[in-house]
Amino acid sequence: MRTLLDLLRVMRQRDRRRLALLGLGLGIAALLEVVGVASVLPFLTLVGDPGAAARVPYLTGLRDALGLTDDRAFLLATGFAALAAILLTSLVNAGFAFAQLLFAHLTGYGFARRLLARYVDRERLFFAHANSAELAKNVLSETDRLVAGVLTPAMVIASRGASALAVVIFLIAYQPRLALILGGGFGGLYVAIYLVMRARLSRLGGRAVAGNEGRYRVVQETFGALTELKLYGRAETFAARFDAPARSYAHALAASLLTGQLPRFVIESLAFGGVIAVVLYALTQGIDTAGMLPLLGLFAFAGYRMLPAFQNIFTSVSQLRFHLPGVRLIVDALEGERPRRARTAARLPFTETIRLEAVSFDYEAGRSTLRGIDLTIPAHTTVGLVGRTGSGKSTLVGLILGILTPSSGRVLIDGTPLDAGNLPAWQNRIGYVPQDVFLIDGSVAQNIALGIEPETLDRAALERAARLAGAHDFIAALPDGYETGVGERGARLSGGQRQRIGIARALYHDPDVIVFDEATSALDGETEAAVMGALGALGGTRTIIMIAHRLTSLRRADTVHVLEDGRIAASGPPADVISEPIDAPPFVAAAR
């Protein structure tokens, strides 16, 4: 119950309002269920004894109200009325079932969307400790399991429980002793089976969550390393790791479904015994054969309506117990969720400096990546960051971009400390080119203007960015130009072409600050020279920050900062701080 209450707590307000409306509909459906069951009583009474209309007061009053004097006409009227009541109940139940399913699936979609937004909102440090396959599994699979295994069963429990309870109350009012014996017997049997099986269901649910995560991870890793795996002849062996978690997931799922069906096999075998019990009860009460028919028919029809309800409730409770571990994942992941605010096009004022004051950063407690960094980057200058692998270059860039938050110290833009409030306005000024550019399976235009709807795309800005990145000529030569599909992860393009599209993407919104995180490493010498020449034309009008391993990329830099063990070891013009000649191939940096 604690998990379900937490789930209710993290629902949107409008979802809770819809749930309240469903509760109102639940009461109406339960009332109609009683009407449907009670409607057969007059008909069955008259079938067993057509003359009962003259002796039973409520039948006499009903016949007089209808203005019928003929017993046969009254019997037909009660039969058609019972049929109409049953059909109406079924129609209402069908409509209510659709409303429940729609609510469950819309709520599940809402959770998936919010979960994705929550992960997107997390700082980059979160992804250093999380597995992307697990995150994808939570957004896609666990939310589906939430719908199928928690929300839908909860709706079933509520609706079938209310209907069964209403029918039981009616039967108790009509024949209290017999209703309590049958209802208590069958209901107690379901409760006893559940109490025995609930711990097993919880264990099966944990196994299912672990197996599901394992399946996603193996599939993602297999596709991610497919080239190397096929080259070394290890693809089949690697993909075979899918078997164990998939088998565990399948076994857990099958075992949980069987557990949910167990009472049905017992109840079906006892159902006929219940009919015999009704007959024996009637005989002990001295009820004659004609008088037994209404009682027998009423309890048979009530059992026909209630036993599936009991079975559905038990199955749904079993599913709930099985899927609750996944619900806890979603509830915990949504902790700390912030309301989404529309990002404006406003830009943080920047005309003077980017300054880092005593900045340190720890990926983990006791493991510092940067320590006591003091750095000033004047506006409209080109700055190079160099150093051995692991020296902290990319972490330093992450702090400037605002995707990492300093463990201590602060980042100032024209003297204004960077914080959560002004971070979007600062990032509106930045263009970023990573070493490994990710391309979506779409057109060249969609990849350059990533995240912008086609109808709002600026064609002039698109071509300007492509020309500046040295990409326009090869794009124009493609079969459909800017509308040519690039394939998954840009499979139809060369490495250099993918990188130039990434550079064009960074330049599309005309940024004031351009950050290259080893972005030219995949370019051939001629293409790199063309790109750097184009960027050189921006010198003095843009702030350019570059991480580079090839020194040719730093030829036009105003200042180069050398990082060593998380500290700035040297700063100055390229020729003063780099021990190798400027045109040397691979880079080795050392402070003079």
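Being more than 30 Å from ALA97 (Cα to Cα) and among the basic types (Lys, Arg) narrows it down to one residue among ARG17, ARG9, ARG72; which is it?
That would be ARG72, the only listed residue that is more than 30 Å from ALA97 (Cα to Cα) and among the basic types (Lys, Arg).
Does region 84-98 include one or more residues that are aromatic (Phe, Trp, Tyr), in the same structural domain as LEU21 (by TED's automatic domain parsing) and within 30 Å of PRO42 (Cα to Cα)?
Looking for residues that are aromatic (Phe, Trp, Tyr), in the same structural domain as LEU21 (by TED's automatic domain parsing) and within 30 Å of PRO42 (Cα to Cα), one finds at least one in region 84-98, hence yes.
Here's the yes/no breakdown for (1) at pLDDT 80 or above; (2) within 15 Å of VAL167 (Cβ to Cβ):
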| position | (1), (2) |
| --- | --- |
| GLY36 | no, yes |
| PRO50 | no, no |
| ALA65 | no, no |
| GLY95 | yes, no |
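Just need a number here: residues in region 240-256 that are modelled with pLDDT under 80 and either over 24 Å from SER316 (Cα atoms) or not in a helix (DSSP H, G or I) (or both).
Residues flagged as modelled with pLDDT under 80 and either over 24 Å from SER316 (Cα atoms) or not in a helix (DSSP H, G or I) (or both) within region 240-256 amount to 0.
Could you tell me whether any residue of region 466-488 is in contact with an Asp or Glu (Cβ under 6 Å, 6 or more places away or on another chain) and either among the hydrophobic types (A, V, I, L, M, F, W, C) or buried (at least 17 other Cβ atoms within 10 Å of the Cβ) (or both)?
The answer is no; no qualifying residue exists.
Just for region 127-164: of the residues that are among the charged types (D, E, K, R) and surrounded by fewer than 21 Cβ atoms within 10 Å (Cβ to Cβ), which one is modelled with the highest pLDDT?
Of everything passing the filter in region 127-164, ASP144 is modelled with the highest pLDDT.
Specify which of the listed residues (ALA179, ALA208) is at pLDDT 80 or above, among the hydrophobic types (A, V, I, L, M, F, W, C) and surrounded by 15 or more Cβ atoms within 10 Å (Cβ to Cβ).
Details: ALA179 fails: at pLDDT 80 or above.
Every option except ALA208 fails the conditions.
LEU404 passes all but one of (1) farther than 30 Å from THR353 by Cα; (2) of a type outside the set (Asp, Glu); (3) under 29 Å from the mean Cα position of the chain (by Cα); which number fails?
(1)
What number of residues in region 67-83 are free of Cβ contacts under 8 Å to residues at least 12 places away in the same chain and part of a helix (DSSP H, G or I)? Show your work before the answer.
Taking region 67-83 as the starting set, the residues that turn out to be free of Cβ contacts under 8 Å to residues at least 12 places away in the same chain are 67-70, 73, 76-77, 80, 83.
Add one more test, that the residue is part of a helix (DSSP H, G or I), and what stays is 73, 76-77, 80, 83.
Matching residues across region 67-83 total 5.
Looking for whichever is assigned by TED's automatic domain parsing to the domain that holds TYR249 and among the basic types (Lys, Arg) here; the options are ARG371, ARG328, ARG338. Which one fits?
After ruling out the rest, the residue left standing is ARG328.
Okay, residues lined up against (1) more than 28 Å from HIS105 (Cβ to Cβ); (2) of a type outside the set (A, V, I, L, M, F, W, C):
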{"residue": "LEU4", "(1), (2)": "no, no"}
{"residue": "VAL10", "(1), (2)": "no, no"}
{"residue": "ILE28", "(1), (2)": "no, no"}
{"residue": "VAL34", "(1), (2)": "yes, no"}
{"residue": "GLY51", "(1), (2)": "yes, yes"}
{"residue": "LEU59", "(1), (2)": "yes, no"}
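For ASN428, all conditions in the list (1) surrounded by 17 or more Cβ atoms within 10 Å (Cβ to Cβ); (2) farther than 18 Å from PHE361 by Cα hold save one; what is the number of the exception?
(1)
Listed residues ARG9, ARG72, ARG14; which is modelled with pLDDT under 80 and surrounded by fewer than 12 Cβ atoms within 10 Å (Cβ to Cβ)?
Going through ARG9, ARG72, ARG14 in turn, the sole match is ARG72.
The values are calculated or read from the model by the stated rules, or taken from the named source; none is laboratory data. Keep in mind the model is a prediction, meaning the values are calculated, not measured. Note: ideal-geometry Cβ built from the backbone for every residue, glycine included; neighbour counts use all protein chains shown.
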